[in-house]
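J.: What follows is a single structure, and I will ask about it in a moment.
The values are calculated or read from the model by the stated rules, or taken from the named source; none is laboratory data. All values reported here derive from a predicted model rather than from experimental measurement. Counting neighbours? That spans all protein chains shown, and the Cβs are built from the backbone with ideal geometry, glycine included.
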Amino acid sequence: MEKILVRRAGAQGDVLIATPVIAALQKQGQVTVATSCPEALEGFPGISVVKYGHPTAGFDRVIDLIYELEPKRPRVEVYAEQAGVKVADPRPIVYSTESAAQLAKKLAPEGALLFHCDAGWPCRKWKRFPQLVERLKGYPIIEVGSAELPNAKQFGRIPLALLAELVKRSRLVVGLDSFVAHVATAVGKPVVVVFGCTKPELVMNGDVEVVTRSELECLGCHHEQPPPAYNCECKLNKEAPP
């Protein structure tokens, strides 16, 4: 059996986007994934996960997944081409456990609105989530990741299986272009995402409906070459409140 090393350092969401490509490669051989975000592959059966930078000796094939080489194409499409596979379903793949499902039932009410308001890049953040929550009084609100909403039930950073089960129990997921949004897509949960520096049609997979509110000329700036600095503040935060 062919030994295949797949390399993608991060980030979490970009590794999760690669899961249908990894699954397709499993039909060709034994897959080892070198990444700095092993949490994105928790529970994924039949693969080995090693630290990014792992030696390539002993592998028959080494595949680097680098969407940045073609930033204006859908990421999973670029990954599939670089891996030399065809992907029938581009949605991310997430595996859960019965114990995580039972724990989610104990921790969160069914039908809550699940928010994720933090992002690794300052240019992805949106400052108006608290005002949005104010308009949603009467709905149970839970939040994962960094605490941005004072009246929400907080969960912080949690394992992938528990996150997937909390998402399944929620009525709707609201947040940013992030790992949590991709988990929602993976489990088939409706998700509302505020996009600024990235374009949804290039980073989201599955059935996605895009509604553009702002006509800022710089929307999707991350897909330009070279992309702007990650620590800038998105102009979406400087618009007049809705």
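J.: As an exercise: evaluate residue 19 against (1) in contact with an Asp or Glu (Cβ under 9 Å, 6 or more places away or on another chain); (2) outside the structural domain of residue 200 (by TED's automatic domain parsing) and give the number of the one condition it does not meet.
T.: The single condition residue 19 does not satisfy is (1).
J.: Being among the aliphatic types (A, V, I, L, M), at pLDDT 95 or above and assigned by TED's automatic domain parsing to the domain that holds residue 218 narrows it down to one of 203, 183, 192, so name that one. Before the answer, list the steps.
T.: Details: 203 fails: at pLDDT 95 or above; 192 fails: at pLDDT 95 or above.
Of 203, 183, 192, the one residue that is among the aliphatic types (A, V, I, L, M), at pLDDT 95 or above and assigned by TED's automatic domain parsing to the domain that holds residue 218 is 183.
J.: State yes or no: is residue 91 surrounded by fewer than 14 Cβ atoms within 10 Å (Cβ to Cβ) and in contact with a Gly (Cβ under 7 Å, 6 or more places away or on another chain)?
T.: Here the answer is no, as residue 91 does not meet what is asked.
J.: OK, next. Going by the conditions given, is residue 107 at pLDDT 95 or above, out of contact with any helix residue (DSSP H, G or I) (no Cβ under 7 Å at 6 or more places or on another chain) and buried (at least 19 other Cβ atoms within 10 Å of the Cβ)? Outline the logic, then answer.
T.: Working: at pLDDT 95 or above: yes; out of contact with any helix residue (DSSP H, G or I) (no Cβ under 7 Å at 6 or more places or on another chain): yes; buried (at least 19 other Cβ atoms within 10 Å of the Cβ): no.
It is false that residue 107 is at pLDDT 95 or above, out of contact with any helix residue (DSSP H, G or I) (no Cβ under 7 Å at 6 or more places or on another chain) and buried (at least 19 other Cβ atoms within 10 Å of the Cβ).
J.: Please work out which one of (1) within 16 Å of the chain's Cα centre (by Cα); (2) over 23 Å from residue 191 (Cα atoms); (3) β-branched (Val, Ile, Thr) is the condition residue 31 fails and give its number.
T.: (1)
J.: Would you pick out the residues in the stretch 154-180 that are among the charged types (D, E, K, R) and at pLDDT 95 or above? Before the answer, list the steps.
T.: Here is the first cut: in the stretch 154-180, the residues among the charged types (D, E, K, R) are 157, 165, 168-169, 171, 177.
Those that are among the charged types (D, E, K, R) and at pLDDT 95 or above: 165, 168, 169, 171.
J.: Report those strands (runs of 3 or more DSSP E) wholly inside the stretch 123-183 carrying at least 2 residues which are crowded, with 18+ Cβ neighbours inside 10 Å. Spell out how you get there, then give the answer.
T.: Numbers: elements: 141-144, 153-156, 172-176.
Those strands (runs of 3 or more DSSP E) span 141-144, 172-176.
J.: While we're on this one: Search the stretch 206-217 for residues being among the charged types (D, E, K, R) and farther than 19 Å from residue 128 by Cα, and hand back the single one that is modelled with the highest pLDDT.
T.: The first filter runs over the stretch 206-217 and keeps only residues among the charged types (D, E, K, R), leaving 207, 209, 213, 215, 217.
Now narrow it down to the ones that are farther than 19 Å from residue 128 by Cα: 207, 209, 217.
On the way: 207: 63, 209: 61, 217: 70.
Step by step, filter the stretch 206-217, then rank; the result is 217.
J.: Right, next: Among the residues of the stretch 127-149, how many are touching a strand residue (DSSP E or B) at 6+ places or on another chain (Cβ under 7 Å), on the phi < 0 side of the Ramachandran plot and of a type in the set (Gly, Ala, Ser)?
T.: So the answer is 1.
J.: Continuing with this model, one more query. If residue 68 satisfies every condition in (1) closer than 24 Å to residue 223 by Cα; (2) in contact (Cβ under 8 Å) with a residue 60 or more places away in the chain but one, which is the exception?
T.: Condition not satisfied by residue 68: (2).
J.: For the stretch 9-31, which residues satisfy the criterion of being at pLDDT 95 or above and either surrounded by fewer than 18 Cβ atoms within 10 Å (Cβ to Cβ) or over 21 Å from residue 161 (Cα atoms) (or both)?
T.: Matches in the stretch 9-31: 9, 24, 25, 26, 27, 28, 29, 30, 31.
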